[in-house]
Structures are given as C-alpha cells and as structure tokens.
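Below: the structure, in structure tokens.
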Amino acid sequence: MAGIVERIKRFAGSPQGRRATEQVRRAAADPRRRAQAQRMLGRLRGSRRR
C-alpha cells in the first residue's frame with residue numbers, strides 16, 4: 001500500500017499532476033460542476049443502500 005501512496009505523491013508533484021490538480025480546483029469552483037458532482041455522489045450512495 002505504501003507504494004501506491006508514493007506513486008500518488010510523485011504524480012502530485014509532477015507538472016502533469018499540478019495541471020490535473022488545478023483543473024480539478026477550477027471545476028470544483030464552478031457551481032454547475034459542483035451540482036453535477038453532488039448528483040453523481042448521491043446516485044452512487046443511493047445504489048449502495050439498495
């Protein structure tokens with residue numbers, strides 16, 4: 001499991017990881033994207049309970 005964490009840390013520190021992080025931050029700041037993510041999470045959580 002530690003290997004996965006290390007790979008994630010390396011990716012997050014790389015230029016590609018920083019671009020991905022910034023893209024996610026911009027999407028999270030958009031109210032429409034945030035609502036879309038909330039709906040998706042609600043569907044995922046709802047399907048587990050059935």
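None of the figures in this text is laboratory data; all of them are computed from the coordinates on show. Keep in mind the model is a prediction, meaning the values are calculated, not measured.
Here are some notes:
- Over the chain: helical MRE at 222 nm, DSSP H runs n ≥ 4 each giving -39500 (n - 2.57), nearest 500: -30000 deg cm²/dmol
- With Cα atoms, 0 to 90° folded angle of helix 2-13 axis to the chain main axis: 80 degrees
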